[in-house]
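The values are calculated or read from the model by the stated rules, or taken from the named source; none is laboratory data. Computed from a predicted structure; not experimentally measured. Here the Cβ positions follow ideal geometry from the backbone for every residue, glycine too, while neighbour counts run over all protein chains shown.
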């Protein structure tokens, strides 16, 4: 027998609010994670859900047992809560993993991504995937215009929001943090003189990227130690911010792998 079959169930209404309302997520300190792969990645990273909701008729894979409250729901109820066209029957409520600058544990030669005022969930999610793949120490989401813990970012990140330390902070605080630790700040901008592949990127480094329409703010441009550009040989003068981030970050990875 299913635990929830009515669309009017109070738990269903609460979950829909968590899905759609940033203020609701902030008030409750909770976020939604949908999808078998995303939930599994969160579990593997040591995060514990409050509640797991399962639509038995939709699931194709079994997940390992957890101590979380588990509720079974009808396909109709699950589709009401889901944000996907073809949901796989897995949805979980997790505490938001609040991380501060002081919580960060950096490596000896840290690599940090600074994402200033990113406005599209897909771009932030893609940056987080790059950060996970390249083993970046942290992503500083400065002056955020998109909620890093929204279902859209979680989905776009494929769950890597849980595998990379993410700090939401103000640019001024991030600058002080980086400068106090002697971390070289690299600003990506089409107006730079040097191409990103021509510099030594092996030391402690923060790669700062901004919005696609306006780029980095004056604060970051003025305080950056170095400005770099990606060569643009066509008609447009800039790349998608997540692609630009990946190119520069993987150049850092390449250089650091050279004996």
Q. Among the residues of segment 85-102, which ones are surrounded by fewer than 13 Cβ atoms within 10 Å (Cβ to Cβ), touching a strand residue (DSSP E or B) at 6+ places or on another chain (Cβ under 9 Å) and either farther than 29 Å from residue 215 by Cβ or modelled with pLDDT under 95 (or both)?
A. 98
Q) Yes or no: residue 222 at pLDDT 95 or above, assigned to a loop (DSSP other than H, G, I, E, B) and over 23 Å from the mean Cα position of the chain (by Cα)? A) no
Q) Which residue out of 146, 176, 153, 141 is in a helix (DSSP H, G or I), closer than 16 Å to residue 120 by Cα and without any contact (Cβ under 8 Å) to a residue 60 or more places away in the chain? A) 153
Q: Of all residues in segment 156-172, count the ones that are within 18 Å of residue 44 (Cα to Cα) and in a helix (DSSP H, G or I).
A: 4
Q) Taking into account only those residues within segment 9-37 that are part of a helix (DSSP H, G or I) and in contact with a strand residue (DSSP E or B) (Cβ under 6 Å, 6 or more places away or on another chain), which is nearest to residue 89 (Cα to Cα)? A) 36
Q. Based on what the data block shows, is residue 54 on the phi < 0 side of the Ramachandran plot, under 26 Å from the mean Cα position of the chain (by Cα) and surrounded by 16 or more Cβ atoms within 10 Å (Cβ to Cβ)?
A. yes
**Q.** Filter result for residue 197 (surrounded by 13 or more Cβ atoms within 10 Å (Cβ to Cβ) and more than 21 Å from residue 140 (Cα to Cα))
**A.** yes
**Q.** Flag for residue 56 being over 21 Å from residue 159 (Cβ atoms), in a loop (DSSP other than H, G, I, E, B), modelled with pLDDT of 95 or more and not assigned by TED's automatic domain parsing to the domain that holds residue 158
**A.** yes
**Q.** Residue satisfying all of: in segment 114-130; in a strand (DSSP E or B) and over 11 Å from the mean Cα position of the chain (by Cα); farthest from residue 159 (Cα to Cα) among these
**A.** 116
